[in-house]
Structures are given as C-alpha cells and as structure tokens.
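So the structure is just underneath, and the comments pick up after that.
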Amino acid sequence: MSGPEGSPRLPRTLLGDLLSASLTEPLPALTERRLTGRVTFPGKATAVVGMRRAGKTTFLHQIRRQRLERGVPRERLPYVAFEDERLAAFGVEDFSVLVEEYYRRFPTFRGRETVTWCFDEIQVVPGWERFVRRLLDQEKVEVFVSGSSAALLSREIATALRGRAWEVVIFPFGFEEFSRHRGLALPDRLDLATARERSALQGALHEYLTTGGFPEAQGLGSGDRFRLLGDYVDLAILRDVVERHGVSNVVSLRWMVRHLLGNPGGLFSVEKFHRALKAQGVAVSRDTLHHLLAYLEDCFLVRLAWVDADSERRRMVNPRKAYPIDPGLIPIYDRSGKANLGHSLETAVRIELERRNLDVRYVRTCDGFEVDFLARSADGHATLLQVCADLGDEATCDREVRGLLAAAAEHPRASLEIVTLTPETARRMPEAVRVHDAAVWFLEP
C-alpha cells in the first residue's frame, strides 16, 4: 500500500501498541442494537452516523462481536479510536504506517483474508477520506467509520468518498432496545402475550416515554438525567452547529432549540418564528433561521416531517412538524407544564418510523383534517397513522378516525392505523382502521 504525501508523525511503536491493545483487550459489554436493512455493502465503507452519545462507538464493538461469533479471528478485527489523546498528532500520513504495521504482524492475511477495520471518530484526521478510498481499493477489507454527527453527514460522506459510502444511522434506544437493556423479558410471540406480559410492557413503555433512550441516561434519577441530557444538547449546539458552521447568532439558535424541543410534534413555520423573535427584540434574518433549522436536523438533534403534497410549492409553504431525537429531551425544555405522554408517544413513533427506514410525512386534507404520519416504504406500501395516548375520550377518538377516513380518500391504497397507550378503551372502529397497543407496535419487527 503506497503512502500519501508527507512523513509519519507518530512512532511505529505507539501505533503497534494501540493495535495490540485493540486485538487483545476484552470487548465492552453492550446491548445489541436492532437495525432495519443491511449494514454493509460490497466495496463501500459503512459510515455510522447519528446524534452524539447515541451509541455509535458501541455499535462498532457490536460489529466486532458479531464477526467473532461468526468465527472470524480476533486478529482480523482491528479498532482505532482517534479521540485517544495519544493520537492527538495523528496525521493522514500515519494511516499508511498503521496499516503496514498491522500487515507486518499478520502478513498471511494480506490479499487472502478479509480484515474488518473500525475507525472511531475518524473525522478528527484531515484527509481521512482519501485514506479510506485507497484502503478499499488496495486491500481486502471491510471498513467501518464513525464520527461526530455533523462531521459525517450523509451528503458529505457521498462527496468525500465518491460514492464509496454506505450510511447507517444510530438512534438512541428504541423501546425494544430499552426493554432488553433493562432486562425485561419480552414475549416470544407478541400475538400470544398474556395479560400480565402486556401490563409489564405497558409499564415499561411509560417509563421509556419519560426517560428516553440515551444509553448513559438509563437508571439515573430525574435530576441527574436532566443535567446529562441538557449537556448533550449544549454539546451538539456548540460543537456540531456553532463551531462547525461558524454560527454567530447563538441567541437565535438557543431560542430555536428551546422552542423545537419543548413543542414536540408542533407545526413550525420559519416566518412565524421570525416574527416571534422580532417581537422579543432578537435580530435575525429569515435565511439564517432556515440555515439553523437545517443544521439542527443535520446533527440529529431534531427530526422534521414535511406535509405530503403533490407540488413542491405546497410542500414548501406549509409548516413542518418538528420532533426531538428522543422523548427524554421533552420535559427538560417544555416549560409550559403541558408535557404529557401523548407528546412523548408521538415523538417516539416518529423516530421509530425513521428507524424502520420509512419516508415520513404528515397529511393535511383538502377539507382541513390532519393525520400525524404518512409512512411509505421503499416498495411503495403506505400507512396513514394516528398517534393517540388515550382513545377513551369519545370526541378525541372521533377526531382521529375522521382524519384517517378523510385522508384515505386521497390515499386509497394506504392502510389506516392508530397507535395508542390504551387500546382497551377504543370504541367500535370502522373495519378499515386497525388499532395497535403501542407497547406491542414498538416491538414488531
């Protein structure tokens, strides 16, 4: 493997020691993540992206553990974490030294056996993408890279690796992962779950909607959890938005973050938000607000849902619905006292739909009815989905059903579904409408 320009800056012995440690130290204990779709693609590097502290590093170790379980020798699973302070001086020229040192130790692997390289926080090394392309071209390898969410955006990976990247998004724990992490015994057959098992699942879901799915936040009291998750948000604001994009209007950015995280599922219009800031004496342009919103979605702090529309103009003029990346963030920023399980449930469903690789929008019918989500799969199947914490209120239930039926006239092939915390309170539904127990819906494959 030919080396890039420049001379190595780190001693070979240090790189050798790091390789030795990665191939001998015990793999960390972990809760296996459940992903939808393929994780690797031949000839491409798998880029692991997502919100800070969502579990990207742990996922790299999960990949290594899975390879071990398939019989791959540990020696073919090198791992390098570039946030190690000993690698502070690591430059792109050191990559060649690292690879050559590896094959010096294991010469029989070169060209014969696939070596799985995991590079964590690789974005701290300028020029890393040139090295990864060359490694894919010249060696028999599979490559996994992870990094800070804003440093490895999908469009930037595609540009940097020239079509040689396969993106995998890691979210905070979903309810199924949360349950396994907490040691909850899950039914083998959801359709045959007993009343006791369903009650246990419903209780766990209430806890999940309150605490959220960030791994480090599990088991913490509310005070410590709020502080930890608040620190996550501050770090995303400062590192992934302010520093990365050179944002100078931090006041407007923080106003936007508080508004979006404190109003989950709310309709967000840049025009209205601009007027609200202006009324508070905060000077900012509409273009800047559009950019800030895009930055917050890029770093996975918020997820947006556009209105489903047959024209680009209609899509653009309608407000977007905004959701935090995790329901655990909601009570930290909702100062109105309105935070409830309904907001958290809708947020969790929105994230779960994206976790299942579905295209997610919301529907506003021509006669004014609204449906929370229109989810489409790659094969064209569509689902109109309402989220309602409690169907016991007759007026609420009627509103949800009317919205579905009105939207069905515009989307006749879509299935009609309601996800609720209280399926037992549902009244007699139209034959086309299916009601899901939320705790069971989250666990479905």
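The values are calculated or read from the model by the stated rules, or taken from the named source; none is laboratory data. Source: prediction; values computed, not measured. Cβ sites come from the backbone with ideal geometry, for glycine too, and all protein chains shown count toward neighbours.
Quick one: count up the residues across segment 374-409 that are of a type in the set (Val, Ile, Thr), out of contact with any helix residue (DSSP H, G or I) (no Cβ under 7 Å at 6 or more places or on another chain) and touching a residue at least 24 places away in the same chain (Cβ under 8 Å). Here the count works out to 2.
Go through Asp240, Asp191, Asp231 for me and flag whichever is assigned to a helix (DSSP H, G or I), without any contact (Cβ under 8 Å) to a residue 40 or more places away in the chain and over 25 Å from Ala439 (Cβ atoms).
On the way: Asp240 fails: without any contact (Cβ under 8 Å) to a residue 40 or more places away in the chain; Asp191 fails: over 25 Å from Ala439 (Cβ atoms).
Asp231 is the lone residue from the list that is assigned to a helix (DSSP H, G or I), without any contact (Cβ under 8 Å) to a residue 40 or more places away in the chain and over 25 Å from Ala439 (Cβ atoms).
Of everything in segment 298-331 that is in a loop (DSSP other than H, G, I, E, B), of a type outside the set (D, E, K, R) and without any contact (Cβ under 8 Å) to a residue 12 or more places away in the chain, the residue that is surrounded by the most Cβ atoms within 10 Å (Cβ to Cβ) is Ala309. Residue-level check: of (1) assigned to a helix (DSSP H, G or I); (2) touching a Phe, Trp or Tyr at 6+ places or on another chain (Cβ under 8 Å); (3) of a type outside the set (S, T, N, Q), Pro264 misses just (1).
Please work out if Ala294 is surrounded by 21 or more Cβ atoms within 10 Å (Cβ to Cβ), among the small types (Gly, Ala, Ser) and either in the same structural domain as Asp372 (by TED's automatic domain parsing) or under 17 Å from the mean Cα position of the chain (by Cα) (or both).
On the way: surrounded by 21 or more Cβ atoms within 10 Å (Cβ to Cβ): no; among the small types (Gly, Ala, Ser): yes; either in the same structural domain as Asp372 (by TED's automatic domain parsing) or under 17 Å from the mean Cα position of the chain (by Cα) (or both): yes.
No: the conditions fail for Ala294.
Scanning segment 114-124 for residues that are surrounded by 15 or more Cβ atoms within 10 Å (Cβ to Cβ) and modelled with pLDDT of 95 or more gives Val115, Thr116, Trp117, Cys118, Phe119. Can you pull out the residues in segment 317-332 that are under 13 Å from Tyr232 (Cα atoms) and not β-branched (Val, Ile, Thr)? Scanning segment 317-332 gives Pro324, Asp326, Gly328, Leu329. Restricting attention to segment 204-216, and to residues there that are surrounded by 21 or more Cβ atoms within 10 Å (Cβ to Cβ) and of a type in the set (Gly, Ala, Ser), which single residue is nearest to Thr58 (Cα to Cα)? Among residues in segment 204-216 that are surrounded by 21 or more Cβ atoms within 10 Å (Cβ to Cβ) and of a type in the set (Gly, Ala, Ser), the one nearest to Thr58 (Cα to Cα) is Gly213.
Restricting segment 35-67 to residues that are in contact (Cβ under 8 Å) with a residue 12 or more places away in the chain and more than 22 Å from the chain's Cα centre (by Cα), the residue that is surrounded by the fewest Cβ atoms within 10 Å (Cβ to Cβ) is Gly43. Scanning segment 269-285 for residues that are within 17 Å of Arg320 (Cα to Cα) and part of a loop (DSSP other than H, G, I, E, B) yields one hit, Ser269.
Listed residues Gly147, Gly127, Gly111; which is within 21 Å of Ala45 (Cβ to Cβ), among the small types (Gly, Ala, Ser), in the same structural domain as Gly37 (by TED's automatic domain parsing) and at pLDDT 95 or above? First the steps, then the outcome.
Values: Gly147 fails: at pLDDT 95 or above; Gly127 fails: at pLDDT 95 or above.
Just a single option satisfies the conditions, and that option is Gly111.
If you go through segment 307-325 one residue at a time, do you hit one that is outside the structural domain of Thr57 (by TED's automatic domain parsing), over 19 Å from Arg361 (Cβ atoms) and at pLDDT 95 or above? Within segment 307-325, none of the residues are outside the structural domain of Thr57 (by TED's automatic domain parsing), over 19 Å from Arg361 (Cβ atoms) and at pLDDT 95 or above.
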